[in-house]
Amino acid sequence: MSVRIILFTGKGGVGKTTSAAGTAALAARAGQRTLVLSTDAAHSLGDAFGRQVGREPVEVATNLWVHQVDAQRRFERSWGEIQGYLMSVLDAAGVDPITAEELTVIPGAEEVLALLELRNHVVSGDWDVVIVDCAPTAETLRLLALPEALGWYMTRVFGVQRRVVRALRPMLSRAAGVPMPEDAVFDAVERLHADLEQVQQILTEKDATVRLVLTPETVVVAEARRSLTTLSLYGYRVDGVIANRVFPEGGGDEWRAGWVAAQQAVLAEVRQSFADLPIWLSGYRADEPMGVDALAGFAEAAYGGDDSLAIPESGEGPLTITRTSTGAVLRIALPFAQRQDVDLARHGDELVVTVGSYRRLLSLPAALSRHTVSAARVEDGALQVRFRFEQEEQP
Ligand SMILES: Nc1ncnc2c1ncn2[C@@H]1O[C@H](COP(=O)(O)OP(=O)(O)OP(=O)(O)O)[C@@H](O)[C@H]1O
Ligand SMILES: [Mg+2]
């Protein structure tokens with residue numbers, strides 16, 4: 001049974017928690033067993049529902065549960081061990097197994113924990129819908145880039161070492177001065193690796209989507225556009241935009257009329273920028289939407305009759321590979337990206353795609369291993385990489 005997962009992200013203060021909580025309240029009313037989970041250290045979910053929420057899921061209404069992930073808990077010890085070892089390896093006598101280009105993220109325990117908690121809930125079978133109230137954009141992107149990046153580390157740093165270490169441990173630790181990890185570290189790494197692979201799989205499946213929350217202000221919209229690009233780079237599907245705090249038209253003084261006009265201009269830009277996505281407008285209310293009823297009302301008004309749990313039609317994800325007569329074309333949707341923002345490199349079986357300050361290491365499928373990159377271009381919001389099959393050299 002699949003679980004509908006929706007993540008809410010956007011710039012600080014735009015209404016992520018309110019939108020996430022509202023969407024969850026609406027889903028629960030429709031009879032879905034719903035969990036809303038927060039990865040944010042601030043305890044705003046509890047505030048929005050007007051309830052104390054703790055380390056375990058709390059039921060705030062029929063079918064509606066809230067879970068505030070506590071980052072400081074149990075995970076820290078084992079992760080600390082792994083991270084400590086990683087550092088000691090990198091430091092050891094000029095050993096630098098990771099080139100600057102490949103070094104992407106050194107993750108924090110909190111982010112890893114939040115992802116694992118999400119996975120536990122998804123596989124538990126307890127929920128039809130899991131809603132995630134994310135931290136502001138940059139942290140969310142770091143979070144979502146994590147499973148793949150960490151998987152890469154683990155395979156590289158630990159995969160190779162484990163094989164070598166078993167045989168050579170006694171000799172090596174005497175000779176090289178490189179600290180040799182204990183078996184317990186390897187086991188912890190392997191478990192974590194498998195878990196994160198599962199997280200990655202869960203989050204890039206069709207029934208997992210990301211919603212962008214924004215307010216009609218130029219800087220906020222600019223950030224939303226950049227996050228759409230980055231989310232796409234990492235293979236996540238964005239299925240809608242919530243434009244929140246829209247001033248109602250009519251009445252009022254010059255000051256208000258000015259704001260209404262300014263917002264309408266930005267909203268026109270939003271419609272143009274996100275033309276392929278539904279844009280749900282939510283009015284600036286006279287008070288803060290708090291409590292289950294107010295939150296459900298907020299969401300109901302925003303979605304305006306649309307099915308807020310619908311899974312988007314578009315069959316293909318942000319990344320596709322198409323065969324051609326001479327090889328294949330790999331396409332990564334990168335909305336808004338310009339040619340000068342995108343950088344591409346190939347290292348063996350990996351394609352390194354950099355967009356602005358974000359980077360993805362793509363393991364090429366085995367089918368492309370004997371292909372060379374013959375061309376690449378950024379066009380119509382996508383990066384296209386052409387691969388040509390290389391004939392074996394005949395002597
Ligand atoms: N449409 C609205 N009308 C009135 N108040 C709103 C509206 N949307 C959100 N608010 C209020 O604005 C405040 C911030 O909203 P919220 O906590 O949902 O933002 P956030 O994006 O989660 O913020 P953070 O980045 O701090 O997590 C809250 O007090 C919320 O009740
Ligand atoms: Mg919030």
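The values are calculated or read from the model by the stated rules, or taken from the named source; none is laboratory data. Values in this document were obtained by computation on a predicted structure and should not be read as measured data. All Cβ positions, glycine included, derive from the backbone under ideal geometry; neighbour counts span all protein chains shown.
For the stretch 284-313, give me each residue that is among the acidic types (Asp, Glu) and either away from ligand 2 (no atom under 16 Å from the Cβ) or within 29 Å of Glu205 (Cα to Cα) (or both).
Asp287, Asp293, Glu300, Asp306, Asp307, Glu313
Take the residues of the stretch 57-85 that are of a type outside the set (A, V, I, L, M, F, W, C) and at pLDDT 85 or above: which is farthest from ligand 2 (Cβ to nearest atom)?
Thr62
Residue by residue through the stretch 283-338, note down the ones that are in a helix (DSSP H, G or I) and exposed (fewer than 13 other Cβ atoms within 10 Å of the Cβ).
Scanning the stretch 283-338 gives a single hit, Asp293.
Only one residue in Glu254, Glu313, Glu269 is assigned by TED's automatic domain parsing to the domain that holds Gly151 and without any contact (Cβ under 8 Å) to a residue 24 or more places away in the chain, so which one is that?
None of the other options fit; the residue is Glu254.
Is there any pair with a first residue in the stretch 1-25 that is touching a residue at least 24 places away in the same chain (Cβ under 8 Å) and more than 11 Å from ligand 2 (Cβ to nearest atom) and a second that is part of a loop (DSSP other than H, G, I, E, B) and aliphatic (A, V, I, L, M) whose Cβ atoms are under 8 Å apart and which are 6 or more apart or on different chains, and what are they?
Arg4/Leu309; Arg4/Ile311; Ile6/Leu309
When you scan the stretch 208-245, how many residues do you find that are in a strand (DSSP E or B) and surrounded by 22 or more Cβ atoms within 10 Å (Cβ to Cβ)?
Going through the stretch 208-245 one residue at a time, the tally reaches 11.
Working only within the stretch 277-309, note down all residues that are touching a strand residue (DSSP E or B) at 6+ places or on another chain (Cβ under 6 Å), within 26 Å of Glu59 (Cα to Cα) and within 11 Å of ligand 1 (Cβ to nearest atom).
Result: Ala302, single match.
Scan the stretch 44-53 and tell me whether some residue there is modelled with pLDDT of 90 or more and in a strand (DSSP E or B).
no
Of all the residues that make up the stretch 1-45, how many are at positive phi, surrounded by fewer than 18 Cβ atoms within 10 Å (Cβ to Cβ) and either within 10 Å of ligand 1 (Cβ to nearest atom) or not assigned by TED's automatic domain parsing to the domain that holds Ala208 (or both)?
1
I'd like the full set of residues that are hydrophobic (A, V, I, L, M, F, W, C) and touching a Gly at 6+ places or on another chain (Cβ under 9 Å), limited to the stretch 260-287.
Listed by number, the residues that qualify are Val260, Phe274, Leu277, Ile279, Trp280, Leu281.
Quick check on Tyr303: is it out of contact with any Gly (no Cβ under 6 Å at 6 or more places or on another chain) and under 18 Å from Gly240 (Cα atoms)?
It is true that Tyr303 is out of contact with any Gly (no Cβ under 6 Å at 6 or more places or on another chain) and under 18 Å from Gly240 (Cα atoms).
Taking Val14 and the conditions (1) aliphatic (A, V, I, L, M); (2) closer than 13 Å to Ala299 by Cα; (3) touching a Leu at 6+ places or on another chain (Cβ under 8 Å), which numbered condition does it fall short on, given that it satisfies the others?
Against the list (1) aliphatic (A, V, I, L, M); (2) closer than 13 Å to Ala299 by Cα; (3) touching a Leu at 6+ places or on another chain (Cβ under 8 Å), Val14 comes up short only on (2).
Among Val385, Val352, which is surrounded by 13 or more Cβ atoms within 10 Å (Cβ to Cβ), at pLDDT 90 or above and assigned to a strand (DSSP E or B)?
Result of the check over Val385, Val352: Val385.
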